[in-house]
Amino acid sequence: MLHYLNMGNKEKKHDCKLFLKQLSLIMRFLLYNIRYATGHGSGYHFPLPFTGFFKQTGGTLGRIVSFVRSVEPDIIALVEVDSGSYRCKKSCQAAAIAKQLDHFHVVETKYRNESLANKIPVLNKQGNGLLSKQPIISHRFHYFDEGVKRLVIEVELEDISIFIVHLSLSFKHRQQQLEHLHRIIAYGRKPVIVAGDFNTFGGDRELQLFLAAAGLLNANLEGLPTYPSHAPKRNLDFILHSPELIVSNFSIPDIRLSDHAPLLCDFEFSGKS
């Protein structure tokens, strides 16, 4: 304190800027597979299997926004968002959430332009997205060579790069996608977060080789299950991160607005990046 009082005005301003910069490096990250806001539960499959998939989504989306607002995330990774089908009256869910939270956003369809899925109504509006309080410096869309869901969203913020994925239901394709994902993130210059629905039906051991090769850590140290949300048994959703990012808090909120539970993680920067 005495050192601060003896500093000149210019030095004090510089010191305050550094302090504010440090405060900005405390970040809350939310990952949520929202199932296009079509809901969950036994009624989802009535009267025919997956009937709920075709329901309009306004009511559930409003409850999802209320939940997201209540946890006050800085960055939101959304898996399974509708970018404008009849289910949401041709409006983009990611854009609607971003507008209500005053966030920047990026969203893209999960299927390559030349794929059959991208030519089918409703399917061609199914995507993933990222919302951020701070401005998005740049973004890129990568595509795996294998599987149906091939999109990788890369978003660069001031201090980190974020990659959002939704991996294949096929074990073979998932392993090929993880190998490709390692090549995509290998040359980044900033700390990295890789988040999404990894569909790891064989357990988190499926990710061990990828984590070792990429030098990433799993934020979910206790292996808490995320699926299904009403009685979680499987760990399908992950937030993976560079060692420069320190997890100060991790939780799986008991929210049942989708078949997946959300993941909430607070990060601090170690200062070693």
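Residues are listed down the side, and each one gets a yes or a no for (1) aliphatic (A, V, I, L, M); (2) more than 20 Å from A77 (Cα to Cα); (3) in contact with a Pro (Cβ under 9 Å, 6 or more places away or on another chain):
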{"site": "P191", "(1), (2), (3)": "no, no, yes"}
{"site": "F201", "(1), (2), (3)": "no, yes, no"}
{"site": "E206", "(1), (2), (3)": "no, yes, no"}
{"site": "L217", "(1), (2), (3)": "yes, no, yes"}
{"site": "G223", "(1), (2), (3)": "no, no, no"}
{"site": "T226", "(1), (2), (3)": "no, no, yes"}
{"site": "K233", "(1), (2), (3)": "no, yes, yes"}
{"site": "D237", "(1), (2), (3)": "no, no, yes"}
{"site": "L245", "(1), (2), (3)": "yes, no, yes"}
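Look through region 173-193, keep the residues that are in a loop (DSSP other than H, G, I, E, B) and within 22 Å of V247 (Cα to Cα), and return whichever of them is nearest to the chain's Cα centre (by Cα).
By that ranking, first place goes to P191.
Considering only residues that are more than 16 Å from the chain's Cα centre (by Cα) and not aromatic (F, W, Y), look in region 102-116 and name the one that is nearest to I137 (Cα to Cα).
Filtering first and then ranking leaves D102.
Would you be able to tell me the number of residues in region 194-214 that are within 20 Å of the chain's Cα centre (by Cα), assigned to a loop (DSSP other than H, G, I, E, B) and surrounded by fewer than 17 Cβ atoms within 10 Å (Cβ to Cβ)?
Residues flagged as within 20 Å of the chain's Cα centre (by Cα), assigned to a loop (DSSP other than H, G, I, E, B) and surrounded by fewer than 17 Cβ atoms within 10 Å (Cβ to Cβ) within region 194-214 amount to 2.
So D159 clears everything in (1) under 23 Å from H40 (Cα atoms); (2) buried (at least 16 other Cβ atoms within 10 Å of the Cβ); (3) touching a Pro at 6+ places or on another chain (Cβ under 9 Å) except one condition, right? Which one?
All conditions are met except number (1).
Can you name every residue in region 133-169 that is aromatic (F, W, Y), closer than 15 Å to S115 by Cβ and part of a strand (DSSP E or B)?
F141, Y143 - these are the residues of region 133-169 that are aromatic (F, W, Y), closer than 15 Å to S115 by Cβ and part of a strand (DSSP E or B).
Being β-branched (V, I, T) and either at pLDDT below 95 or more than 14 Å from the chain's Cα centre (by Cα) (or both) is the filter here, so list the residues in region 133-153 that pass it.
Within region 133-153, I136, I137, V148 qualify.
Return the total of residues in region 45-57 being touching a residue at least 12 places away in the same chain (Cβ under 8 Å), of a type outside the set (K, R) and either more than 19 Å from K125 (Cα to Cα) or surrounded by 14 or more Cβ atoms within 10 Å (Cβ to Cβ) (or both).
Residues meeting the conditions: 4.
Restricting attention to region 21-43, report how many residues are modelled with pLDDT of 80 or more, on the phi < 0 side of the Ramachandran plot and buried (at least 16 other Cβ atoms within 10 Å of the Cβ).
10
Table: residues versus (1) assigned to a helix (DSSP H, G or I); (2) among the small types (G, A, S); (3) under 21 Å from I164 (Cα atoms); (4) at pLDDT below 95.
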residue: P49; (1), (2), (3), (4): no, no, no, yes
residue: V65; (1), (2), (3), (4): yes, no, yes, no
residue: P73; (1), (2), (3), (4): no, no, yes, no
residue: L78; (1), (2), (3), (4): no, no, yes, no
residue: V81; (1), (2), (3), (4): no, no, yes, no
residue: Q100; (1), (2), (3), (4): yes, no, no, no
residue: H105; (1), (2), (3), (4): no, no, yes, no
residue: E108; (1), (2), (3), (4): no, no, yes, no
residue: L131; (1), (2), (3), (4): no, no, yes, no
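The values are calculated or read from the model by the stated rules, or taken from the named source; none is laboratory data. A quick note: this is a predicted structure, and the numbers were derived from the prediction, not measured. We place every Cβ from the backbone using ideal geometry, glycine too, and count neighbours over all the protein chains shown.
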